[in-house]
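Contents: one structure, followed by commentary.
The values are calculated or read from the model by the stated rules, or taken from the named source; none is laboratory data. Fair warning: this is a prediction, and the values are worked out from it, not measured in the lab. Every residue, glycine as well, gets a Cβ built from its backbone with ideal geometry; the counts of neighbours run over all protein chains shown.
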Amino acid sequence: MEENKILSKLNSILLSKKKNLFKFPKKNSPVILCFSGGLDSTCLWFLLAKKYRLKVYPILFYQSKLSYLINKIRFSPIEFFFKKKFPSLYKPIIYYKISFPYIFSSSKTKQLKTDLNLSLPNLKIINLRKIFGKDFPNIKKVISVISGVPARTMYFSILSYFWLIRLKYQYEEKINTIFFGTVKEDTILRDQTLTQLRAVNLSLSLSLGDFNLQVIAPIDKQSNFFYYKKELVEFAFKNNFPFIFKTFSCLKSQIYHCGACYNCFTRRKVFLDLKIEDKTFYFNNFKKLLFFSKFKLKIFSFFTKVLKKISR
């Protein structure tokens, strides 16, 4: 959903106010990372620390006490790894509670998704065969930008800036860069494009009168900061990052990977492409195994009864 004409104009405006669209921070510089705990943002955290030697302040936005507790338990081992591996660069995850006026009950969500005036401009139909190859069934999945956290890049950027100010006065940290763990594969969604990042960057810079501020993700070819999901994971794997499978990507559940949503599909594909054994537990695999087990039990029971009748 990249808007190339708009992107070009945004780039021109930003370049009229500063020399570079994106200038990579110097080694040991503090930066903010909008951290979801997913495969991309976790591998990006590792890349920023290992390759670029940046002091990363990860911010994880959560909506309920349950999600806070789950994330705290899930990501504690990853935090311990960064603390031990990069002691001078490590900063603990900042957990920030958020709430939205557009969070609905499940029944209202169904109404929301059937409102064509709102849904149609925010829908993206994805042919999974084009993504996963000819051997994959010809299935189409529909992804809606309005599900989950609408316009999250904009919203999280503003909240991250508030933290940028707080860290400046609390710890005397001069931060001007906010990273997102968005990769090229995510740019099919309206709110995760480079156009959106540039628009947010320009809006914040104009509002705050600060054109040194940078909002960026590894999807910027023009600034030579560009990584596919496969490249991020490959870097982490080759450099012995042991927590790749402790990351969490699913859109449908907070506890397990459903195996059927778009994030689960792209997660499975990257391990398949890299020929890395995928140790992630996917619930749909479990359901298939359960179904197969029941089927085998039925067959076994059937033949047992037949054999008993024959033996008589």
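I'd like the full set of residues that are hydrophobic (A, V, I, L, M, F, W, C) and crowded, with 16+ Cβ neighbours inside 10 Å, limited to segment 1-41.
Looking only at segment 1-41, we keep the residues that are hydrophobic (A, V, I, L, M, F, W, C), and these are 1, 6-7, 10, 13-15, 21-22, 24, 31-35, 39.
Those that are hydrophobic (A, V, I, L, M, F, W, C) and crowded, with 16+ Cβ neighbours inside 10 Å: LEU7, LEU10, LEU14, LEU21, PHE22, PHE24, VAL31, ILE32, LEU33, CYS34, PHE35, LEU39.
Quick one: which of TYR57, TYR68 is over 20 Å from ALA151 (Cβ atoms), among the hydroxyl-bearing types (Ser, Thr, Tyr), in the same structural domain as ALA199 (by TED's automatic domain parsing) and modelled with pLDDT under 95? Going through TYR57, TYR68 in turn, the sole match is TYR68. Note on segment 168-191: residues that are touching a Phe, Trp or Tyr at 6+ places or on another chain (Cβ under 8 Å) and assigned to a helix (DSSP H, G or I) amount to 2.
Right, ILE165: of a type in the set (Val, Ile, Thr), part of a helix (DSSP H, G or I) and loosely packed, with under 15 Cβ neighbours inside 10 Å or not?
Values: of a type in the set (Val, Ile, Thr): yes; part of a helix (DSSP H, G or I): yes; loosely packed, with under 15 Cβ neighbours inside 10 Å: yes.
Judged against the criteria, ILE165 is a match.
Of all residues in segment 66-101, which are outside any helix (DSSP H, G or I) and either within 19 Å of PHE243 (Cα to Cα) or touching a residue at least 40 places away in the same chain (Cβ under 8 Å) (or both)? Can you show your working first?
Here is the first cut: in segment 66-101, the residues outside any helix (DSSP H, G or I) are 86-101.
Across segment 66-101, the qualifying residues are PHE86, PRO87, SER88, LEU89, TYR90, LYS91, PRO92, ILE93, ILE94, TYR96, ILE98, PHE100.
Just one of the listed residues (LEU251, LEU202) is of a type in the set (A, V, I, L, M), crowded, with 17+ Cβ neighbours inside 10 Å and touching a residue at least 24 places away in the same chain (Cβ under 8 Å), and it is LEU202. Among the residues of segment 42-65, those that are part of a helix (DSSP H, G or I), surrounded by 15 or more Cβ atoms within 10 Å (Cβ to Cβ) and not aliphatic (A, V, I, L, M) comprise THR42, CYS43, TRP45, PHE46, LYS50. Kindly evaluate THR187 against the criterion of being surrounded by 21 or more Cβ atoms within 10 Å (Cβ to Cβ), hydroxyl-bearing (Ser, Thr, Tyr) and either in the same structural domain as SER41 (by TED's automatic domain parsing) or in contact (Cβ under 8 Å) with a residue 60 or more places away in the chain (or both). So THR187 fails the test.
The criterion of at least 1 residues that are modelled with pLDDT under 90 and either in the same structural domain as LYS72 (by TED's automatic domain parsing) or of a type in the set (A, V, I, L, M, F, W, C) (or both) is met by the following helices (runs of 4 or more DSSP H) wholly inside segment 215-312: 262-273, 283-311.
Look at segment 1-15: where a residue is closer than 13 Å to GLN222 by Cβ and a partner is aromatic (Phe, Trp, Tyr) and surrounded by 12 or more Cβ atoms within 10 Å (Cβ to Cβ), sitting 6+ places away or on another chain with Cβ atoms under 9 Å, you get LEU14/PHE211.
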